[in-house]
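Down below is the structure, laid out as structure tokens.
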Amino acid sequence: MSQTQTISLGSAAQEGVWGRIRTVASRRTEGRGLALLAVIIIVVALLEPLVFTAYQVTLGRIALVGIVALGLTAVILMGELDLSVASTLAVSGVIMASIPDLTLGIIAALATGLIVGMINAFFVSVVGINSFIATLGMLFALRGLAFVISDEAPVSLTNKDVGIAFGQPLIGPLTPRILIFVLVFIAIQVFVSRVKAGREFFAVGGNRQAARDAGIPVTRRIFTGFMISGFVASLAGVINTLERTTADPTAGSTVLLASFAAAIIGGNYLKGGRGSIVGTLIGAAALGILQVALTLSGVQVPVQQIFIGVILLVAVTTDPNSLRSVAGSLRTLRQGRAKSPGS
Amino acid sequence: MRKSRVTFAASMLAAAALTLAACGGSDDSSSADAGSEDTAAEETVEETVEETDDGEAAEEEAVDTADGPFEVYALLPQGNDQPYGTTYLPPMEETAAELGINLTITNSEYDADKQASECEVAVAAQPDGIILWPAVADSIRPCLEAANNAGIPVWITNADVNPEDTDLTFGYSGTDSYGQGAASAEMMCEFADGAEIGVIQVNGLTGNSVATLRGNGFKETIAELCPNVTILAEQPGNWNKDESQIAASEMLTSVGPDNVQGIYAADDTMVAGAIDAAAAQGLDVDGLIITSIGNTFLGNPLVESGDLDGTVFQSSSWDGENAVRGIYAAMTGETDLGRDDAGSVLYMPNPKVTAQNYDDPAVAPEW
């Protein structure tokens, strides 16, 4: 007679509802972002309810902050960086506005984003250049290209009325920017959570060599990630150009840091392997709501910058890995001091 | 209300920090390396109505009592992060207090998309008026249309909108940027006195409307008034001394220092960098014809020392003050939509400043 014995290991050993909640929570990375968003929503609802009354404006700000961040997250999940997103946004807009035919212009702009992503990926995965350096070079090259193409001046759309119409609400109070943002979120979320190629981003970011050993086409995944990032950045450029009726070669000057901030607040790990698109959405929402609330409340610029800086620092330092690391360092220091008198 | 803002910021900060810290202890999420956030660099100043005792002020207060206090959003592309903005804001705030206007000031850091978003927020807040300093004039039409649709008067300050958009505004106060470039060119022509000379041109931030207008004003006036002056090269100095020094140095190397007899820079900060570059290349700065715009705390001593032959005075205090007076006129019906009313366009006086008048109190530097 055989007897089966079940041995529970790790988190599986935790029993009950609380244990299951802890198990699920431990797998997610959005916890701190979600907590921050909840706090912001509650405080803003109490002190500046106009933020939610005029929700279409707030959604517009979230979309402005978040759309590039969503694409960027695809790269961050693989442990890479894409510093060229803001320049991609600018050059795509300029290319679009420089072509008289609007449809052709949009196609050319989006194709530009894909090509930029391919070039970035080529340097990172084939040539082997660190993504920080490769995309930094691309940042400068594309910004210069935007100036050259635009002759160093804003380029207006041939038909400004189309652009102004694009900025109007399409469904209820929702503008095309908000709807496109939602579609981009759904598309990337489905890709990284339901599609095999997308799920492999986490493996590539977690341990690249292990991913190669497991037969994952790492180079192809890096190409896919950078192309998503480039495409979404160029899409943001198209939207901005349509809404403003003009392409500005200096556009996107505040986009890059805002995108990274949204991803970090949303719990994405810059070294790759951990994170989520939902987290980035939460981070963008937190930042967007906060920015609108602070604008409406009239909080001064320096105070706002301190505020956001503190939130980012808290978001980074409350990471359990960081806390464990600090605790370990303190332990080592204490042990060292304890030994030193006798040595 | 100021107290409530402090309370808002403090409560948000405390609540967020405590919650995140608590969450970090129990949550197993991973985060990251350091990052930073541009965030909205908005700035606000709230002003209260001040007591006045003279007859004219009393009449003004009577208007305020009937119509105000007014809520006004000032959508600016700079603030205390720039020398000009630092001295633009105090007179703006003082005038707002005098006229019973509560100002909410934003700073888009010359990001047109960010300013457009701030405009959406402003329109949603339904203020009595909007003061707008366009970050990029070409991209501002949707904002103007949204404000008009909401019945909010818009007054333009510092840099005007494009001619086709003026009908969507209640007026403009600020510099004639093209005229400033032209005035600087006139001085260059005057100092050249018919001699064949080559000059290098240092422009402002590429794409910025003021930079474009000043640059065009200089170039076109040179071409019209003194064809004996040849612009050998031009580069952006991005309103920055260090970048201007690099740009000027590169241009001097490119065209050959011996071929350069003059320098134009679109503001005094940049001309200081260009002068340093010329000196570093061994050129006799006193022998060069150098003109600029601003008559700032940096530029005025250069005129006094003879390094800078001429600059064009720009008053940041006039600019800030008249932006508020302009929107007040729009809100009280003194000016209407468009630019037909007498007070709808207020150009700042821009006298030329040379060695002859640099110490005149009327052109004392302000920023």
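Extension gain, A:LYS271 to A:THR53, is 74.6 nm, computed as 0.36 nm per intervening residue step minus the present C-alpha separation.
Calculated FRET efficiency, B:ASN162 and A:SER325, Cβ-Cβ r, R0 60 Å, to nearest 0.05?
0.65
The relative contact order of the stretch A:32-163 comes to 25 percent, based on Cα pairs under 8 Å that sit 6 or more residues apart. Given the options A:GLY298, A:THR241, A:PHE260, identify the residue whose Cα lies farthest towards the positive end of the charge dipole of the protein assembly as shown (+1 on Cβ of Lys, Arg; -1 on Cβ of Asp, Glu). The listed residue farthest towards the positive side: A:PHE260. Shown here is the pair-distance distribution of the protein assembly as shown: with all Cα-Cα distances grouped in 20 Å bins from zero up to the longest one, the shares run 17, 44, 31, 7, 1, 0 percent.
Here the label points at A:VAL190 and A:ARG22, each 7 Å from Cα along the C-beta direction, are separated by 3.7 nm in the simple model. Beta bridges per DSSP, both residues in the protein assembly as shown: antiparallel share near 15 percent. Ranking A:ALA111, B:SER317, B:ALA233 by how far each Cα lies toward the positive end of the dipole of the protein assembly as shown (charges on Cβ) leaves A:ALA111 at the top.
With every protein chain left in place, what is the accessible area per residue of the stretch B:77-204 in square angstrom, probe 1.4 Å?
26
Probing with 1.4 Å while keeping every protein chain in the model, the per residue accessible area of the stretch A:238-306 equals 19 Å². Over chain A, Cα pairs under 8 Å with separation of 6+ residues give a relative contact order of 32 percent. Between the residues B:ALA183, B:PRO91, A:LEU72, the greatest Cα displacement towards the positive end of the dipole of the protein assembly as shown, with unit charges on the Cβ of Lys, Arg, Asp and Glu, is found for A:LEU72. The mean number of Cβ atoms from other chains found within 10 Å of a Cβ in peptide B:131-139 is 4, as a whole number.
A Cβ-based charge dipole, computed about the Cα centre of the stretch B:137-191 with Lys and Arg at +1 and Asp and Glu at -1, lands at about 200 debye. Over the stretch A:38-108, accessible surface divided per residue gives 30 Å², non-protein components excluded, 1.4 Å probe. Per residue of A:145-153, count partner chain C-beta atoms within 10 Å of its C-beta, then hand back the mean as an integer. Going residue by residue through A:145-153 and averaging, the value is 3. Set the Förster distance to 51 Å, then compute FRET efficiency between B:GLU334 and A:VAL148 from the Cβ-Cβ distance, nearest 0.05. For R0 = 51 Å, the calculated efficiency reads 0.65.
Of all DSSP-defined beta bridges confined to the stretch B:66-131, some 0% are antiparallel rather than parallel.
Determine one quarter of the surface area of the Cα convex hull of the stretch B:75-138, which equals its mean projected area, and express it in nm² to one decimal.
Computed as one quarter of the Cα hull surface, the answer is 4.4 nm².
Each part gets one Cα centre, and for the stretch B:307-367 versus the stretch B:113-167 those centres are 21 Å apart.
Using a 1.4 angstrom probe on protein heavy atoms only, the contact between A and B buries about 6000 square angstrom of accessible area, both sides summed. Ordering A:247-254, B:176-183 by mean Cβ neighbour count within 10 Å, with the highest value first, yields A:247-254, B:176-183.
Its Cα gyration tensor gives chain A an equivalent ellipsoid; the semi-axes, largest first and in whole Å, are 38, 26, 22. Here the label points at B:GLU190 and A:LEU136, each 7 Å from Cα along the C-beta direction, are separated by 4.8 nm in the simple model. In the protein assembly as shown, the portion of solvent-accessible area held by carbon and sulfur atoms comes to 58 percent [1.4 Å probe, whole percent, DNA, RNA and ligands not counted]. Panel note: contact residues of the stretch A:28-42 (accessible area lowered by at least 20 Å² against the chain on its own; 1.4 Å probe) correspond to A:GLY31, A:ARG32, A:ALA35, A:LEU36, A:VAL39.
Let me spell out the model: positive unit charges on the Cβ of Lys and Arg, negative unit charges on the Cβ of Asp and Glu, origin at the Cα centre of chain A. What dipole size does that give, in debye rounded to 20? Dipole of chain A, to the nearest 20 debye: 1540 debye.
Give me the percent of Cα-Cα pairs in the stretch A:266-308 that sit more than 11 Å apart, rounded to a whole number. Percentage above 11 Å: 68. Working from label points 7 Å from Cα in the Cα-to-Cβ sense, the B:ALA362 to A:ASN159 distance is 5.4 nm. Averaging 1/r across all pairs of distinct Cα atoms in the stretch B:94-230 and inverting the result yields a Kirkwood radius of 16.9 Å. Taking the Cα atoms of the stretch A:197-343, the ratio Rg/Rh between the radius of gyration and the Kirkwood radius comes to 1.11.
Highest mean packing first, where packing is the average number of other Cβ atoms within 10 Å per residue, the peptides A:106-118, B:224-236, B:281-293 line up as A:106-118, B:281-293, B:224-236. Here the dipole of the protein assembly as shown is about 6600 debye; that uses its Cα centre as origin and unit charges on the Cβ of Lys and Arg (positive) and Asp and Glu (negative). Dividing the convex hull volume of the alpha carbon atoms of the stretch A:105-215 by its residue count gives 151 Å³ per residue.
The values are calculated or read from the model by the stated rules, or taken from the named source; none is laboratory data. For clarity, every value in this text was computed on a predicted model and none was experimentally measured. Positions of Cβ are backbone-derived with ideal geometry, glycine not excepted, and every protein chain shown enters the neighbour counts. We work out accessible area using only protein heavy atoms, side chains counted, and drop any ligands, DNA or RNA first. Shrake-Rupley method; radii C 1.70, N 1.55, O 1.52, S 1.80 Å.
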